[in-house]
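Here the structure is laid out as structure tokens; the discussion comes afterwards.
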Amino acid sequence: MDTDEAVVVVTGFGPFRQYLDNPSWKAAQGLKLVGLGEGVKVVIRELPVAYNRAHQVIVDLWKTLNPKFAIHLGIATGCRGILLEQTGKNHGYSDRDVCGSCPVNQNCIDGGPAKLDSIVDMRALSKQLKKAGKDITYSRDAGRYLCDYVYYCSLFHGRGRAVFIHVPASGSLSSPDRLVPLLQIIIQTLLLQKVDRCSPSYSFLSTSSSPSSAITFSSSSSSFSSQINENTGTVLQ
């Protein structure tokens, strides 16, 4: 690999309920094929829809690759456009994964802040893309689902250098032919944004009392079921 290349990791999710060929993973594979331009190396990772295994993938990618950014893609059924998520939440993950498990204390990181923001200004990015005629929505409440859990974990381990994008689960925009070029534009645009890499929001990670990233999970024999956002009727992965 060229040492001057910036590494950008793109993740999508594996099989989930009726989504045996998950649109988020298909989009990640498409981005690997088209690339993000000269000087950017795209690395993709498929995340299992399981808290503990997904968490380990996130920890490993930040330790081994230390990318410029990690771009996480997750599906949102009932959504026709793209949602750019600003904030990851630490608590409230009671929804069970495909293994019937969830974090014991419903936390991403025990002792971590209640919420973390990406160092990318998603509101400004959304406005910029809307002016260019793109169907983009800014959001500060991603929900409390496994993909949102992944986002917080990545924000924590990557010191804010993570982005979470909700993509449609169905409809014309979910087709890789339409979705991948739009995601390519979004990511290329955010890579040009000036960001504060020394955000005070992550100063706690420099102290000796930093929270532990070790967590435990509770299991249940009950089958995994997604929850529905009461405000939008959207099922989030």
What is the extension gain from S94 to S172, computed as 0.36 nm multiplied by their sequence separation minus the C-alpha to C-alpha distance, in nm to one decimal? 24.9 nm
Not counting ligands, DNA or RNA, and with a 1.4 Å probe, what is K127's accessible surface area in Å² rounded to the nearest 10? 120 Å²
Report the FRET efficiency, 1/(1 + (r/R0)^6), for N52 and Q18, where r is their Cβ-Cβ distance and R0 is 25 Å, rounded to 0.05. 0.60
With all protein chains in place and a 1.4 Å probe, H157 shows an accessible area in Å² (nearest 10) of 50 Å²
Straight-line reach from K115: which lysines have a Cα under 17 Å away, not including same-chain ones fewer than 8 places off? K89
Pairwise label distance in nanometres, K68 with E38, each label 7 Å out on the Cα-Cβ vector: 1.4 nm
Can you run phi through the Karplus equation (6.51, -1.76, 1.60; θ = phi - 60°) for segment 67-74 and list ³J(HN,Hα) in whole Hz, with x for Gly and Pro? x, 5, 8, 10, 9, 9, 10, x
With a ≥ b ≥ c taken as the square roots of the eigenvalues of the C-alpha gyration tensor of segment 76-117, please select rounded if a/c is under 1.5 and otherwise prolate if a/b is larger than b/c or oblate if it is not? oblate
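Quick check: from the Cα gyration tensor, does segment 1-82 come out rounded (a/c under 1.5), prolate or oblate?
Details: a/c = 2.49, a/b = 1.43, b/c = 1.74.
Note, shape of segment 1-82 comes out oblate.
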So, in nm, how far is label D60 from label A132 when the simple model puts each one 7 Å beyond its Cα toward the Cβ? 3.3 nm
Mind checking which lysines have their C-alpha under 17 Å from K68, skipping anything on the same chain fewer than 8 residues away? K32, K41, K194
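Can you send over the carbon and sulfur percentage of the accessible area for segment 138-201, probe radius 1.4 Å, protein chains only?
Details: 1240 of 2460 Å².
Of the solvent-accessible surface of segment 138-201, carbon and sulfur hold 50 percent.
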For segment 83-156, the spread of Cα positions along each principal axis, largest first, Å: 44, 25, 15
Which of rounded, prolate or oblate describes segment 46-125 when judged by the alpha-carbon gyration tensor and an a/c cut-off of 1.5? rounded
On full extension of the chain, what length is gained from I185 through R140, given 0.36 nm per residue of separation minus the C-alpha to C-alpha distance? 14.1 nm
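The values are calculated or read from the model by the stated rules, or taken from the named source; none is laboratory data. None of these values were measured; they are calculated from a predicted model. Every residue, glycine as well, gets a Cβ built from its backbone with ideal geometry; the counts of neighbours run over all protein chains shown. All accessible areas refer to the heavy atoms of the entire protein, side chains included, with ligands and DNA or RNA removed. Shrake-Rupley method; radii C 1.70, N 1.55, O 1.52, S 1.80 Å.
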